[in-house]
Each structure stands twice: as structure tokens, then as C-alpha cells.
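Heads up, the thing below is written out as C-alpha cells.
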Amino acid sequence: MKVGFIQFDVKKNFEINFNIIEKHLENLKCDLIVLPELTLSGYLFKNKEELKSKGIIIEKSQEIEKIKKLSEKFQCIMILGIVERLEDKFYNTAIIISKGKYIGKYQKIHLSDFEKNFFESGKENKVFDVDGVKIGVQICFDLWFPEISREQIREGADILVALGNFGGETTANILPIRAIENLTPIILCNRVGEENIIFNSESINAFFIGKSMVVDRDGKVLIEPKEKIEISEVVDIKLKKEKSNIICKNFFEEIDFHYNK
């Protein structure tokens, strides 16, 4: 399975972001491509009105229709981040689209303190069956909580993906650990660039470092992370249904032992 990411400087303009994504897809041949957290909107919001202007009602969105057509054109699975609007509530959401069809969504469960000013926390940890491949989806801070990955593995995930908007090293450092402890490959896509706003009379500056990567089930980095540049890369990986290694022939048996004792 050819998997990868598009790491870029997300703008608060759908057309600019869409054109960047399309440009990269023209030069990639992939089965699964992962994009950053809040791919279509940018990350920092100065107030609820600005957030509302970026909110997407999935079933009625022309932006989503354009992404679906892009996925159909390039015959790939796309996982990207949006500001999802449900009536008067907003969610930091990842949507899964495959070859022109909307598959489902994951709403970020673990929000940063700043995000709690704008978003509701998701309540459902999901695994998505896409063309016979089971994909667990997470968003940035979710990676810091091992329970998220473990629950997805117990639901049969063959591969994990994480959408990011981070400026520190921790999230990228965690990634190989999550792969090793779950014997499952992971794709991480973080953005680059910076955003600056005034929020509640306080200046907030966010810098995004990139360092997107793909790691295999043993924690080996298959695509070396690049900092602070726009880049897209794809790598061929083999997915294994069984969870075993040289010291344990049945990883699920050990997991069940822990949960059932």
C-alpha cells in the first residue's frame, strides 16, 4: 500500500489550500494521503465569529464536494482536517474520503486548553474500514494518550494516522513509541508556517515545525522528517493483520489478558 502525506503552510483560505493539495497530488501516486489538522481553515481563531466563518456542515459543503472530486480524480483515500459545525457547536474533525466517496469522520477527543475555547470534545474513538483496510484516525494531542491507539488496535486497525498542528518535538517523538507498542505502522502529517492572533487582548504566536513522517510497525522511520518546508512524500508499506514479533506470537492475547483480568 502506497501511503504518505502533504506537509504545507495552511492558510485561512480554502482555494489556496485546495490548489496546493491538488498540485502535490499531480506528482504523487498513492493509495492513502494524510493532510494536516484543520487542513482547510488554519489553526488560530481570534473569536467565535471567525471560527463560525470557517465552519463546515459536512452534508452541505461545497468544499467537501471539491475534495471528493479530487479524491476520485486521483483514486486515493484522503484524510484531512476541518472545522465541523453541528448546529451551534464546533468540532476539530478529521474526515475520510475514498475515491470520491465520504466514508466518515473522527472528532478530536483530547483538546488543548486553547482549543477548548472553541471546540467541543469528541466522544467516539473510531476505526474506519476503507476498501478492506481498517484505519484508526487521531488528531495531534490525541497521540499523547496511549489509550486512543490501543482502543483502535483492539478494534482491528491495520494502520494509524495522525493529523497535526504542533510546534514542539513531543508529538513527533511519541510516534515511534505508539507504533512499537501496538505493532502497527503510523502516518503523521504536521503543517509548517506560523499564525499570529490577538485573543482576549493577548498576543498568541504559533510556529509549526513540520517533521511529518511514516513509521513502520517496529518504529523504524520510513520517511525522514523534514522541518519547516513544504513537502509531500509517499512510501510503500506492507500491512499485517496479525500482531506478532520475535518475542510474542500473539500480541492480542497479551492485550486481552490485561483488559480481562
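The values are calculated or read from the model by the stated rules, or taken from the named source; none is laboratory data. The model shown is predicted, which means the values in this text are computed figures rather than measured ones. Because the Cβ atoms are built from the backbone with ideal geometry, glycine has one as well, and the counts that use them run over all protein chains shown. Each accessible area value is taken on the protein alone, full model and side chains, heavy atoms only, with ligands, DNA and RNA left out. Shrake-Rupley method; radii C 1.70, N 1.55, O 1.52, S 1.80 Å.
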For the stretch 209-229, pairs from a residue that is within 20 Å of E37 (Cα to Cα) and among the basic types (K, R) to a residue that is open to solvent by 70 Å² or more (accessible area, probe 1.4 Å) and assigned to a strand (DSSP E or B), with Cβ under 9 Å and 6 or more apart or across chains, are K211/E227; K228/F207
When the stretch 192-219 is examined, which residues are found to be buried (at least 18 other Cβ atoms within 10 Å of the Cβ), among the charged types (D, E, K, R) and out of contact with any Asp or Glu (no Cβ under 9 Å at 6 or more places or on another chain)?
-> E195, D216, R217
Of the residues E72, E59, E49, E84, which is acidic (D, E) and open to solvent by less than 70 Å² (accessible area, probe 1.4 Å)?
-> E84
Meets criteria (out of contact with any helix residue (DSSP H, G or I) (no Cβ under 6 Å at 6 or more places or on another chain) and either modelled with pLDDT of 95 or more or open to solvent by less than 30 Å² (accessible area, probe 1.4 Å) (or both)) for L222 = yes
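Any residue at all in the stretch 239-251 that's on the phi < 0 side of the Ramachandran plot, of a type in the set (V, I, T), open to solvent by 40 Å² or more (accessible area, probe 1.4 Å) and touching a residue at least 12 places away in the same chain (Cβ under 8 Å)?
no
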Within the stretch 12-33, residues being in contact (Cβ under 8 Å) with a residue 24 or more places away in the chain, part of a helix (DSSP H, G or I) and aliphatic (A, V, I, L, M) number 3
When you scan the stretch 122-168, how many residues do you find that are farther than 18 Å from C76 by Cβ, in contact (Cβ under 8 Å) with a residue 40 or more places away in the chain and open to solvent by 20 Å² or more (accessible area, probe 1.4 Å)?
-> 4
Would you kindly identify the strands (runs of 3 or more DSSP E) lying entirely within the stretch 164-227 that contain at least 3 residues that are closer than 26 Å to E242 by Cα, under 18 Å from the mean Cα position of the chain (by Cα) and hydrophobic (A, V, I, L, M, F, W, C)?
-> 186-190, 213-215, 221-223
Within the group V34, V3, V10, which residue is surrounded by 14 or more Cβ atoms within 10 Å (Cβ to Cβ), touching an Asp or Glu at 6+ places or on another chain (Cβ under 8 Å) and of a type outside the set (S, T, Y)?
-> V3
